[in-house]
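Novice: Just dropping this structure here.
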């Protein structure tokens, strides 16, 4: 037995995990143990986050990993989940909440500081299971300072694209599809698709299919660029300054969230951004809304120390310290973002509507993973010059959407809305 658990009292809680049919034995941590936190931030951003946590005066043990889903599932199944998890996947958190594995955050932060689409409940009487502790803007395109592109559809050779990720390859491609659906069809249709509303076979729908076809047509313009995208990490080379400044093949544009600034490292001051709508396939589109994403904190334990850490991190003061130290963005309405003109512009857009949460983040994990796989298959076939068979790919995702495991997510815990006008 490790030193950490020596002398602890073990309380056996029998919890049935629906997806795996497993019985989990929950270990009770001593109140004096450090608060365990599992997140996705590594390297410099992990160091900055830990510096914020140290300011709270609460002992903690932070683990950052890109393979968060696999690590979390392993910890849950072994009966030793972290006290706090921080992740973008609301659909995944909704599954854990539906299995009664998350503790409510009621009373730990002021909901009035966080408006839609960040709120996790549909009415004041419902429990709150997560709170955004970091926000990012999507539906934007990055370019190098002084090289603003024309407001017209850009060819494949202009795009710096990478699909690789340590734990979820393919997600950058889902951002393209989501942005196309959002800008073409508007927030109402986008939300219905993301939340699988109205009993419609959304993956077979014209709205999703035509957006996918537009993106696939872009990939088919350059097989070499498609192959490079399939084999390239979305952050660029470890010793580089991100895809935009590595500039493979002379690419000059990157469709990426505001977190790309951290990938650009020392070159970040030479990065500028504009709305994505005019540059997307078929071009000239109006900006219907901005896609946004967040990193949401949730509790697997009700330890007083863990609850206090959440309270401090989600507070206006905690969010301001995090924003000031790491140049990150907050969903808290009272937090001011510093930095240069680009950072202020990102913060301004994050504070305005319409805004829509990343669709794949709110989908059931099985559907999200099928979405990722369909994206990768599309790129692989485009790179190989093969028939894309988009309708077949979308029917496969729809079959996953229709399975009991995808439909069985507790709707009381799942997000009620994805888009907000304000």
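The values are calculated or read from the model by the stated rules, or taken from the named source; none is laboratory data. Since the model is a prediction, treat every value here as computed from it, not as a measurement. When we count neighbours, we look across all protein chains shown, and the Cβ atoms used for this are built from the backbone with ideal geometry, even at glycine.
Novice: Count, please, the residues in region 208-247 that happen to be assigned to a helix (DSSP H, G or I) and in contact with a helix residue (DSSP H, G or I) (Cβ under 7 Å, 6 or more places away or on another chain).
Specialist: Result for region 208-247: 20.
Novice: With respect to residue 374, is the statement that it is part of a helix (DSSP H, G or I) and under 29 Å from residue 225 (Cα atoms) true?
Specialist: The answer is yes for residue 374.
One line per residue, one yes/no per condition, for (1) assigned to a loop (DSSP other than H, G, I, E, B); (2) in contact with a helix residue (DSSP H, G or I) (Cβ under 6 Å, 6 or more places away or on another chain); (3) at pLDDT 95 or above:
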site	(1), (2), (3)
7	yes, no, no
32	yes, no, no
37	no, no, yes
63	no, no, yes
82	yes, no, yes
86	no, no, yes
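Novice: Specify which of the listed residues (116, 151) is in contact with a strand residue (DSSP E or B) (Cβ under 9 Å, 6 or more places away or on another chain), over 20 Å from residue 257 (Cβ atoms) and outside any helix (DSSP H, G or I).
Specialist: After ruling out the rest, the residue left standing is 151.
Novice: For residue 305, indicate whether it is modelled with pLDDT of 95 or more and surrounded by fewer than 16 Cβ atoms within 10 Å (Cβ to Cβ).
Specialist: no
Novice: Looking at (1) crowded, with 23+ Cβ neighbours inside 10 Å; (2) in contact with a strand residue (DSSP E or B) (Cβ under 8 Å, 6 or more places away or on another chain); (3) over 16 Å from residue 294 (Cα atoms), which is the one condition that is false for residue 134?
Specialist: Of everything listed in (1) crowded, with 23+ Cβ neighbours inside 10 Å; (2) in contact with a strand residue (DSSP E or B) (Cβ under 8 Å, 6 or more places away or on another chain); (3) over 16 Å from residue 294 (Cα atoms), residue 134 misses just condition (3).
Novice: Applying the selection to region 259-283, what residues are out of contact with any strand residue (DSSP E or B) (no Cβ under 7 Å at 6 or more places or on another chain), buried (at least 16 other Cβ atoms within 10 Å of the Cβ) and not in a helix (DSSP H, G or I)?
Specialist: Let us first name the residues in region 259-283 that are out of contact with any strand residue (DSSP E or B) (no Cβ under 7 Å at 6 or more places or on another chain), namely 262-263, 265-269, 277-278, 280-283.
Subsequent filtering for residues that are buried (at least 16 other Cβ atoms within 10 Å of the Cβ) retains 262-263, 267-268, 277-278, 280-281.
Residues satisfying the conditions are 280, 281.
Novice: Residues in region 393-413 that are modelled with pLDDT of 75 or more and touching a helix residue (DSSP H, G or I) at 6+ places or on another chain (Cβ under 6 Å): how many?
Specialist: 7
Novice: Okay, next question. Need pairs with beta-carbon distance below 9 Å; first residue farther than 20 Å from residue 139 by Cβ and within region 261-275, second assigned to a strand (DSSP E or B) and modelled with pLDDT of 95 or more; sequence gap 6+ or separate chains.
Specialist: Short answer, once both residue conditions are applied: 267/144; 270/144.
Novice: Still on this structure, I have one more. What is the residue count in region 163-199 for residues that are touching a residue at least 40 places away in the same chain (Cβ under 8 Å), part of a helix (DSSP H, G or I) and closer than 12 Å to residue 419 by Cα?
Specialist: 7
Novice: From the list 101, 38, 105, which residue is under 17 Å from the mean Cα position of the chain (by Cα) and closer than 19 Å to residue 130 by Cβ?
Specialist: On inspection, the qualifying residue turns out to be 38.
Novice: With the structure loaded, tell me whether residue 237 is more than 19 Å from residue 382 (Cβ to Cβ) and without any contact (Cβ under 8 Å) to a residue 24 or more places away in the chain or whether it fails that test. Show your work before the answer.
Specialist: Details: more than 19 Å from residue 382 (Cβ to Cβ): yes; without any contact (Cβ under 8 Å) to a residue 24 or more places away in the chain: yes.
Yes.
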